[in-house]
1. When you go through (1) touching a Leu at 6+ places or on another chain (Cβ under 7 Å); (2) more than 22 Å from A:HIS61 (Cβ to Cβ) one by one for A:SER159, which number turns out not to apply?
2. Which residues, taken from the stretch A:107-135, are in contact with a Phe, Trp or Tyr (Cβ under 7 Å, 6 or more places away or on another chain) and in contact (Cβ under 8 Å) with a residue 60 or more places away in the chain?
3. Please go through the stretch A:80-122 and pick out each residue that is farther than 27 Å from A:VAL162 by Cα and not in a helix (DSSP H, G or I).
4. Cβ contacts < 6 Å: first residue more than 11 Å from chain B (Cβ to nearest Cβ) and surrounded by fewer than 20 Cβ atoms within 10 Å (Cβ to Cβ), restricted to the stretch A:203-215; second residue of a type outside the set (Gly, Ala, Ser) and assigned to a helix (DSSP H, G or I), any location; separation 6+ or different chain. Result?
5. Is it the case that some residue within the stretch A:41-52 is in a loop (DSSP other than H, G, I, E, B) and under 25 Å from A:MET216 (Cα atoms)?
6. Please go through the stretch B:5-28 and pick out each residue that is within 21 Å of B:ILE44 (Cβ to Cβ) and surrounded by 15 or more Cβ atoms within 10 Å (Cβ to Cβ).
7. Tell me which residues, restricted to the stretch A:230-247, are more than 27 Å from the chain's Cα centre (by Cα) and within 23 Å of A:MET31 (Cβ to Cβ).
8. For the stretch B:14-68, give me each residue that is more than 12 Å from chain A (Cβ to nearest Cβ), part of a helix (DSSP H, G or I) and more than 17 Å from the chain's Cα centre (by Cα).
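The values are calculated or read from the model by the stated rules, or taken from the named source; none is laboratory data. Every value quoted in this text rests on a predicted model; they were computed, and no experiment measured them. All Cβ positions, glycine included, derive from the backbone under ideal geometry; neighbour counts span all protein chains shown.
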Amino acid sequence: MVDSTTTQIAADSLKNSHSESGSDWILHHVMDGNYLDFSPFAKIYLPHFELFGLDISITRHVVFMWLGALLLAIVMMRVAKAYKSSLIPKGFTNFWELFIVFVRDEIAKPTIGKGFEKFLPYLLTAFFFILFGNFLGLIPFSATFTSNIAVTTTMAVLSFLVIQFGGMRNNGVWGYFKGLVPHGVPILLLPLMVIVEFIGLLSKPFALAIRLFANMTAGHIVIYALISLLFVMQSYYWAGLVVPMALFIYGLEVLVALLQAYIFTMLSGLFIGMAVHQDH
Amino acid sequence: MEFASLAAGIGAGLTIIGGALGIGKLAAAAMEASGRQPEAAGTIRTSMIIAAALIEGISLFALVICFILAGK
(Lines give C-alpha, C1' and ligand atoms only; values in the text may rest on other atoms or scores of the structure.)
Protein backbone atom coordinates (compact mmCIF):
# COMPACT_ATOMS: atom_id res chain seq x y z
CA MET A 1 0.00 0.00 0.00
CA VAL A 2 1.41 3.41 -0.90
CA ASP A 3 0.81 5.91 1.87
CA SER A 4 1.39 9.62 1.92
CA THR A 5 4.94 9.44 3.29
CA THR A 6 6.19 7.24 0.44
CA THR A 7 4.59 9.48 -2.15
CA GLN A 8 6.23 12.40 -0.36
CA ILE A 9 9.63 10.68 -0.47
CA ALA A 10 9.17 9.81 -4.16
CA ALA A 11 8.13 13.37 -4.99
CA ASP A 12 11.09 14.80 -3.04
CA SER A 13 13.61 12.56 -4.71
CA LEU A 14 12.20 13.40 -8.14
CA LYS A 15 12.43 17.09 -7.35
CA ASN A 16 15.99 16.76 -6.08
CA SER A 17 17.18 14.83 -9.09
CA HIS A 18 15.99 17.51 -11.51
CA SER A 19 16.69 20.58 -9.43
CA GLU A 20 19.64 22.83 -10.08
CA SER A 21 20.43 26.23 -8.66
CA GLY A 22 19.64 29.28 -10.78
CA SER A 23 23.20 30.01 -11.78
CA ASP A 24 23.57 26.46 -13.13
CA TRP A 25 20.79 27.11 -15.63
CA ILE A 26 22.35 30.39 -16.73
CA LEU A 27 25.88 28.98 -17.01
CA HIS A 28 24.65 25.89 -18.80
CA HIS A 29 23.21 28.05 -21.58
CA VAL A 30 26.12 30.46 -21.85
CA MET A 31 29.03 28.03 -21.80
CA ASP A 32 30.16 25.58 -24.44
CA GLY A 33 28.47 22.19 -24.70
CA ASN A 34 28.64 18.94 -26.60
CA TYR A 35 25.26 19.23 -28.25
CA LEU A 36 23.40 21.78 -30.36
CA ASP A 37 20.46 22.87 -28.25
CA PHE A 38 17.17 23.60 -30.03
CA SER A 39 15.56 22.68 -26.80
CA PRO A 40 11.85 21.94 -27.04
CA PHE A 41 12.23 20.77 -30.63
CA ALA A 42 15.52 18.95 -31.07
CA LYS A 43 18.93 18.23 -29.57
CA ILE A 44 21.75 17.38 -31.95
CA TYR A 45 24.58 15.52 -30.21
CA LEU A 46 27.99 16.33 -31.61
CA PRO A 47 30.84 13.82 -32.03
CA HIS A 48 33.48 13.34 -29.34
CA PHE A 49 37.12 13.20 -30.45
CA GLU A 50 40.25 12.72 -28.41
CA LEU A 51 43.76 13.08 -29.82
CA PHE A 52 46.75 12.04 -27.63
CA GLY A 53 44.61 12.61 -24.56
CA LEU A 54 43.57 16.12 -25.58
CA ASP A 55 39.88 16.67 -26.01
CA ILE A 56 39.28 18.05 -29.50
CA SER A 57 35.64 17.07 -29.77
CA ILE A 58 33.31 19.16 -31.88
CA THR A 59 31.34 21.46 -29.60
CA ARG A 60 28.71 24.14 -30.14
CA HIS A 61 31.26 26.90 -30.44
CA VAL A 62 33.26 24.95 -33.02
CA VAL A 63 30.19 24.48 -35.20
CA PHE A 64 29.34 28.16 -35.02
CA MET A 65 32.93 29.13 -35.71
CA TRP A 66 32.83 27.05 -38.89
CA LEU A 67 29.51 28.66 -39.79
CA GLY A 68 30.93 32.14 -39.18
CA ALA A 69 34.05 31.42 -41.20
CA LEU A 70 31.98 29.97 -44.06
CA LEU A 71 29.67 32.99 -44.05
CA LEU A 72 32.64 35.34 -44.00
CA ALA A 73 34.32 33.53 -46.89
CA ILE A 74 31.16 33.50 -49.02
CA VAL A 75 30.34 37.16 -48.41
CA MET A 76 33.85 38.44 -48.96
CA MET A 77 34.42 36.37 -52.09
CA ARG A 78 31.20 37.74 -53.58
CA VAL A 79 32.25 41.28 -52.72
CA ALA A 80 35.71 40.78 -54.23
CA LYS A 81 34.24 39.30 -57.41
CA ALA A 82 31.84 42.25 -57.77
CA TYR A 83 34.79 44.62 -57.97
CA LYS A 84 36.12 42.82 -61.06
CA SER A 85 33.27 44.02 -63.26
CA SER A 86 32.99 47.61 -62.08
CA LEU A 87 34.72 49.78 -59.51
CA ILE A 88 31.43 51.37 -58.45
CA PRO A 89 29.60 49.08 -56.04
CA LYS A 90 25.87 48.72 -55.83
CA GLY A 91 23.55 46.92 -53.47
CA PHE A 92 25.18 44.04 -51.62
CA THR A 93 28.74 45.12 -52.39
CA ASN A 94 27.91 48.70 -51.42
CA PHE A 95 26.82 47.58 -47.98
CA TRP A 96 30.05 45.76 -47.25
CA GLU A 97 32.12 48.54 -48.82
CA LEU A 98 30.77 50.78 -46.03
CA PHE A 99 32.44 48.63 -43.42
CA ILE A 100 35.61 47.99 -45.39
CA VAL A 101 36.19 51.69 -46.07
CA PHE A 102 35.39 52.39 -42.41
CA VAL A 103 38.10 49.97 -41.26
CA ARG A 104 40.58 51.41 -43.75
CA ASP A 105 39.95 55.12 -43.17
CA GLU A 106 39.01 55.29 -39.49
CA ILE A 107 41.02 52.42 -38.03
CA ALA A 108 44.03 51.53 -40.19
CA LYS A 109 45.11 54.89 -41.59
CA PRO A 110 44.97 57.03 -38.43
CA THR A 111 46.54 54.44 -36.13
CA ILE A 112 49.25 52.92 -38.34
CA GLY A 113 50.01 55.85 -40.61
CA LYS A 114 52.53 55.13 -43.33
CA GLY A 115 52.63 51.53 -44.58
CA PHE A 116 49.19 50.60 -43.33
CA GLU A 117 48.35 48.58 -46.45
CA LYS A 118 50.46 45.64 -45.27
CA PHE A 119 48.39 45.25 -42.12
CA LEU A 120 45.01 45.97 -43.69
CA PRO A 121 44.17 42.29 -44.51
CA TYR A 122 44.76 41.24 -40.91
CA LEU A 123 42.74 44.13 -39.49
CA LEU A 124 39.86 43.53 -41.90
CA THR A 125 39.80 39.81 -41.11
CA ALA A 126 39.84 40.41 -37.36
CA PHE A 127 37.07 43.02 -37.59
CA PHE A 128 34.72 40.94 -39.73
CA PHE A 129 35.37 37.66 -37.94
CA ILE A 130 34.54 39.18 -34.57
CA LEU A 131 31.58 41.07 -36.05
CA PHE A 132 30.09 37.93 -37.57
CA GLY A 133 30.74 35.98 -34.39
CA ASN A 134 29.06 38.55 -32.17
CA PHE A 135 26.05 38.85 -34.44
CA LEU A 136 25.65 35.10 -34.89
CA GLY A 137 25.33 34.86 -31.13
CA LEU A 138 22.31 37.15 -31.16
CA ILE A 139 20.19 34.73 -33.18
CA PRO A 140 17.92 32.59 -30.95
CA PHE A 141 19.07 28.99 -30.41
CA SER A 142 22.64 29.85 -31.38
CA ALA A 143 25.94 30.19 -29.51
CA THR A 144 28.46 33.01 -29.42
CA PHE A 145 31.87 31.68 -30.22
CA THR A 146 33.52 34.97 -29.25
CA SER A 147 32.33 34.32 -25.70
CA ASN A 148 34.79 31.43 -25.51
CA ILE A 149 38.07 32.37 -23.83
CA ALA A 150 40.02 30.01 -26.09
CA VAL A 151 38.82 31.79 -29.24
CA THR A 152 39.52 35.28 -27.92
CA THR A 153 42.92 34.25 -26.58
CA THR A 154 43.84 32.84 -29.98
CA MET A 155 42.83 36.07 -31.67
CA ALA A 156 44.87 38.04 -29.13
CA VAL A 157 47.89 35.78 -29.76
CA LEU A 158 47.51 36.40 -33.50
CA SER A 159 47.41 40.15 -32.87
CA PHE A 160 50.49 39.80 -30.66
CA LEU A 161 52.37 37.96 -33.43
CA VAL A 162 51.37 40.53 -36.04
CA ILE A 163 52.51 43.35 -33.72
CA GLN A 164 55.88 41.78 -32.96
CA PHE A 165 56.67 40.70 -36.51
CA GLY A 166 55.50 44.03 -37.90
CA GLY A 167 57.68 45.91 -35.45
CA MET A 168 60.69 43.68 -35.97
CA ARG A 169 60.43 43.83 -39.73
CA ASN A 170 60.50 47.62 -39.76
CA ASN A 171 63.03 48.25 -37.02
CA GLY A 172 65.15 45.10 -36.94
CA VAL A 173 64.99 42.63 -34.04
CA TRP A 174 67.43 44.42 -31.74
CA GLY A 175 66.26 47.86 -32.86
CA TYR A 176 62.68 46.96 -31.94
CA PHE A 177 63.56 45.97 -28.41
CA LYS A 178 65.83 48.99 -28.06
CA GLY A 179 63.03 51.25 -29.21
CA LEU A 180 60.65 49.91 -26.56
CA VAL A 181 62.34 51.92 -23.84
CA PRO A 182 61.86 55.66 -24.31
CA HIS A 183 64.77 58.01 -24.93
CA GLY A 184 66.41 60.09 -22.27
CA VAL A 185 65.75 57.73 -19.38
CA PRO A 186 68.29 57.90 -16.50
CA ILE A 187 70.55 54.82 -16.39
CA LEU A 188 69.38 53.80 -12.92
CA LEU A 189 65.77 53.59 -14.08
CA LEU A 190 66.65 51.45 -17.12
CA PRO A 191 66.15 47.94 -15.61
CA LEU A 192 62.76 48.98 -14.24
CA MET A 193 61.74 50.45 -17.59
CA VAL A 194 62.75 47.25 -19.39
CA ILE A 195 60.66 45.12 -17.03
CA VAL A 196 57.70 47.46 -17.30
CA GLU A 197 57.86 47.51 -21.10
CA PHE A 198 58.06 43.72 -21.31
CA ILE A 199 55.05 43.34 -19.05
CA GLY A 200 53.28 45.94 -21.18
CA LEU A 201 54.06 43.93 -24.33
CA LEU A 202 52.29 40.90 -22.90
CA SER A 203 49.50 42.58 -20.97
CA LYS A 204 48.09 44.56 -23.89
CA PRO A 205 47.00 41.53 -25.98
CA PHE A 206 45.85 39.81 -22.77
CA ALA A 207 43.54 42.76 -22.13
CA LEU A 208 42.24 42.45 -25.71
CA ALA A 209 41.29 38.82 -25.12
CA ILE A 210 39.64 39.38 -21.75
CA ARG A 211 37.74 42.47 -22.90
CA LEU A 212 36.06 40.67 -25.80
CA PHE A 213 35.35 37.50 -23.80
CA ALA A 214 33.93 39.31 -20.79
CA ASN A 215 31.76 41.69 -22.83
CA MET A 216 30.15 38.90 -24.80
CA THR A 217 29.65 36.58 -21.82
CA ALA A 218 28.35 39.30 -19.50
CA GLY A 219 25.73 40.46 -22.00
CA HIS A 220 24.27 37.00 -22.41
CA ILE A 221 24.37 36.32 -18.68
CA VAL A 222 22.40 39.49 -17.97
CA ILE A 223 19.69 38.47 -20.44
CA TYR A 224 19.46 34.96 -18.96
CA ALA A 225 19.43 36.34 -15.42
CA LEU A 226 16.51 38.62 -16.29
CA ILE A 227 14.56 35.74 -17.83
CA SER A 228 15.26 33.48 -14.88
CA LEU A 229 13.52 36.14 -12.75
CA LEU A 230 10.30 34.84 -14.29
CA PHE A 231 11.03 31.34 -12.97
CA VAL A 232 12.02 32.61 -9.54
CA MET A 233 8.81 34.61 -9.14
CA GLN A 234 6.76 31.72 -10.61
CA SER A 235 4.08 33.96 -12.04
CA TYR A 236 3.25 35.05 -15.59
CA TYR A 237 2.53 38.66 -14.67
CA TRP A 238 6.21 39.43 -14.20
CA ALA A 239 6.63 38.98 -17.95
CA GLY A 240 5.28 42.52 -18.43
CA LEU A 241 8.40 43.81 -16.66
CA VAL A 242 10.94 41.15 -17.59
CA VAL A 243 10.43 40.98 -21.36
CA PRO A 244 10.86 44.74 -22.03
CA MET A 245 13.97 44.82 -19.83
CA ALA A 246 15.42 41.79 -21.59
CA LEU A 247 14.65 43.36 -24.98
CA PHE A 248 16.39 46.56 -23.91
CA ILE A 249 19.49 44.63 -22.87
CA TYR A 250 19.28 42.76 -26.19
CA GLY A 251 19.38 46.09 -28.04
CA LEU A 252 22.37 47.09 -25.93
CA GLU A 253 23.97 43.78 -26.92
CA VAL A 254 23.65 44.68 -30.61
CA LEU A 255 25.50 47.93 -29.91
CA VAL A 256 28.14 46.11 -27.85
CA ALA A 257 28.63 43.55 -30.64
CA LEU A 258 29.54 46.31 -33.13
CA LEU A 259 31.54 48.25 -30.57
CA GLN A 260 33.66 45.32 -29.41
CA ALA A 261 34.63 44.39 -32.96
CA TYR A 262 35.62 48.03 -33.53
CA ILE A 263 37.57 48.26 -30.26
CA PHE A 264 39.49 45.02 -30.85
CA THR A 265 40.49 46.11 -34.35
CA MET A 266 41.31 49.67 -33.32
CA LEU A 267 43.48 48.63 -30.40
CA SER A 268 45.28 46.08 -32.57
CA GLY A 269 45.90 48.83 -35.12
CA LEU A 270 47.08 51.18 -32.38
CA PHE A 271 49.57 48.64 -31.01
CA ILE A 272 50.79 47.84 -34.53
CA GLY A 273 51.29 51.55 -35.16
CA MET A 274 53.19 51.95 -31.89
CA ALA A 275 55.41 48.98 -32.74
CA VAL A 276 56.08 49.93 -36.36
CA HIS A 277 56.73 53.66 -35.89
CA GLN A 278 58.64 53.65 -32.65
CA ASP A 279 59.56 57.32 -32.48
CA HIS A 280 57.77 58.50 -29.37
CA MET B 1 33.95 28.49 0.91
CA GLU B 2 30.53 29.63 2.06
CA PHE B 3 31.36 33.30 1.64
CA ALA B 4 32.38 32.93 -2.02
CA SER B 5 29.02 34.09 -3.40
CA LEU B 6 28.90 36.98 -0.94
CA ALA B 7 32.41 38.01 -1.98
CA ALA B 8 31.41 37.83 -5.63
CA GLY B 9 28.41 40.06 -5.05
CA ILE B 10 30.27 42.67 -3.03
CA GLY B 11 33.15 42.64 -5.51
CA ALA B 12 30.83 43.17 -8.47
CA GLY B 13 29.10 46.05 -6.69
CA LEU B 14 32.37 47.81 -5.86
CA THR B 15 33.62 47.35 -9.41
CA ILE B 16 30.49 48.88 -10.86
CA ILE B 17 30.94 51.96 -8.64
CA GLY B 18 34.38 52.57 -10.12
CA GLY B 19 33.32 51.95 -13.69
CA ALA B 20 30.19 54.09 -13.49
CA LEU B 21 32.11 56.97 -11.87
CA GLY B 22 34.72 56.88 -14.62
CA ILE B 23 32.22 56.76 -17.46
CA GLY B 24 30.11 59.45 -15.80
CA LYS B 25 33.03 61.87 -15.62
CA LEU B 26 33.91 61.01 -19.20
CA ALA B 27 30.38 61.71 -20.42
CA ALA B 28 30.30 65.02 -18.50
CA ALA B 29 33.52 66.18 -20.11
CA ALA B 30 32.26 65.12 -23.55
CA MET B 31 28.98 67.02 -23.09
CA GLU B 32 30.80 70.14 -21.99
CA ALA B 33 33.22 69.99 -24.90
CA SER B 34 30.38 69.44 -27.39
CA GLY B 35 28.54 72.42 -25.92
CA ARG B 36 31.58 74.63 -26.29
CA GLN B 37 32.25 73.64 -29.89
CA PRO B 38 29.29 71.99 -31.61
CA GLU B 39 31.22 71.42 -34.86
CA ALA B 40 33.55 68.96 -33.11
CA ALA B 41 30.65 66.95 -31.67
CA GLY B 42 31.19 64.00 -34.04
CA THR B 43 34.88 63.60 -33.19
CA ILE B 44 34.18 64.00 -29.49
CA ARG B 45 31.43 61.40 -29.65
CA THR B 46 33.72 58.86 -31.31
CA SER B 47 36.49 59.39 -28.76
CA MET B 48 33.98 59.20 -25.93
CA ILE B 49 32.68 55.81 -27.10
CA ILE B 50 36.20 54.44 -27.43
CA ALA B 51 37.18 55.60 -23.95
CA ALA B 52 33.93 54.24 -22.49
CA ALA B 53 34.60 50.81 -24.01
CA LEU B 54 38.10 50.79 -22.54
CA ILE B 55 36.85 51.72 -19.05
CA GLU B 56 34.16 49.06 -19.35
CA GLY B 57 36.86 46.56 -20.30
CA ILE B 58 38.65 47.21 -17.03
CA SER B 59 35.51 46.76 -14.96
CA LEU B 60 34.86 43.50 -16.81
CA PHE B 61 38.27 42.16 -15.66
CA ALA B 62 36.97 42.32 -12.11
CA LEU B 63 33.65 40.86 -13.22
CA VAL B 64 35.43 37.77 -14.58
CA ILE B 65 37.05 37.27 -11.17
CA CYS B 66 33.59 37.57 -9.59
CA PHE B 67 32.28 34.88 -11.97
CA ILE B 68 35.08 32.56 -10.91
CA LEU B 69 34.35 33.24 -7.25
CA ALA B 70 30.59 32.75 -7.64
CA GLY B 71 31.17 29.37 -9.21
CA LYS B 72 33.01 28.05 -6.18
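1. Going through the list (1) touching a Leu at 6+ places or on another chain (Cβ under 7 Å); (2) more than 22 Å from A:HIS61 (Cβ to Cβ), A:SER159 breaks only (2).
2. Once the filter is applied, which keeps residues that are in contact with a Phe, Trp or Tyr (Cβ under 7 Å, 6 or more places away or on another chain) and in contact (Cβ under 8 Å) with a residue 60 or more places away in the chain, the stretch A:107-135 yields A:ALA108, A:ILE112, A:ALA126, A:ILE130, A:GLY133.
3. Selection gives A:SER86, A:LEU87, A:ILE88, A:PRO89, A:LYS90, A:GLY91.
4. Close Cβ pairs (under 6 Å, with a partner that is of a type outside the set (Gly, Ala, Ser) and assigned to a helix (DSSP H, G or I)) amount to A:LYS204/A:PHE271.
5. yes
6. B:GLY19, B:GLY22, B:ILE23, B:LEU26
7. A:LEU230, A:PHE231, A:VAL232
8. Result: B:MET31, B:GLU32, B:ALA33, B:SER34, B:GLY35, B:ARG36, B:PRO38, B:GLU39, B:ALA40, B:ALA41, B:ILE44.
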